[in-house]
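What follows is a set of notes on a single structure, which appears directly below.
The values are calculated or read from the model by the stated rules, or taken from the named source; none is laboratory data. From a predicted model like this one, the values you see are computed outputs, not experimental measurements. Glycine also receives a Cβ, built like all others from the backbone with ideal geometry; neighbour counts cover every protein chain displayed. Surface accessibility is based on the protein's heavy atoms, side chains included, excluding ligands, DNA and RNA. Shrake-Rupley method; radii C 1.70, N 1.55, O 1.52, S 1.80 Å.
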Amino acid sequence: MSQDAINETIRTTIAENDVVLFMKGNAKFPQCGFSAQVAQMLDHVGVPYKDVNVLEDDTLREGIKAFTNWPTIPQLYIKGEFVGGCDIVREMFQEGELQKMLQDKGITAAAHG
C-alpha cells in the first residue's frame, strides 16, 4: 500500500472514531508494555476506543509514524487530534488532563453494567 493509501486509511479511522489507539497488539492482548499502559489508562477512564493493531500490517506500522512524524507506537488520537505516545498520555492521565480533554471534547465514559 502506498503512503497516500495508508494516510487515507488512517484519516478515515480517526474521523470515524472519537478515540483511536494505534498500538502493538489489541486492547484485550497488548503486545508491548507501552501499548498496554495506554490501553489500561483508557480502560480506567472508561471511554470506549478503537484499537488498531499495527503489528498486523507493516505498511500501517511505518505509515502511522510518517503520518504524525512521531517515531514510536502507541499513538493516541482524540477527536481526530494526535495526543501523543505513552509518556505524554501517562503524564496527562496522572495530572487529570487526559480526563479533562475527553470531557471537553464531549467524550464520556461508557456505562458499565
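Do we find that residue 51 is acidic (Asp, Glu), surrounded by fewer than 18 Cβ atoms within 10 Å (Cβ to Cβ) and without any contact (Cβ under 8 Å) to a residue 60 or more places away in the chain in this structure? Reasoning before the result, please.
Numbers: acidic (Asp, Glu): yes; surrounded by fewer than 18 Cβ atoms within 10 Å (Cβ to Cβ): no; without any contact (Cβ under 8 Å) to a residue 60 or more places away in the chain: yes.
In short, no.
Pairs, please: C-beta under 7 Å, at least 6 apart or cross-chain, first residue under 18 Å from residue 99 (Cβ atoms) and in contact (Cβ under 8 Å) with a residue 12 or more places away in the chain and in the stretch 61-85, second among the basic types (Lys, Arg) and surrounded by fewer than 16 Cβ atoms within 10 Å (Cβ to Cβ)?
Partner pairs satisfying both residue conditions: 78/105; 79/105.
Would you pick out the residues in the stretch 23-48 that are open to solvent by less than 20 Å² (accessible area, probe 1.4 Å), outside any helix (DSSP H, G or I) and within 19 Å of residue 99 (Cα to Cα)? Explain how you work it out, then say what you get.
Quick first cut of the stretch 23-48, residues open to solvent by less than 20 Å² (accessible area, probe 1.4 Å) only: 23, 25, 35, 38-39, 41-42, 46-47.
Now restrict to residues that are outside any helix (DSSP H, G or I): 23, 25, 46-47.
Correct list: 46, 47.
Determine whether residue 94 is among the polar types (S, T, N, Q) and under 10 Å from the mean Cα position of the chain (by Cα).
No: the conditions fail for residue 94.
Looking only at the stretch 18-32, decide whether some residue is aromatic (Phe, Trp, Tyr) and without any contact (Cβ under 8 Å) to a residue 40 or more places away in the chain. Break it down into steps so the answer makes sense when it comes.
Looking only at the stretch 18-32, we keep the residues that are aromatic (Phe, Trp, Tyr), and these are 22, 29.
Within this subset, residues satisfying the condition of being without any contact (Cβ under 8 Å) to a residue 40 or more places away in the chain are 29.
Among the residues of the stretch 18-32, at least one is aromatic (Phe, Trp, Tyr) and without any contact (Cβ under 8 Å) to a residue 40 or more places away in the chain, which makes the answer yes.
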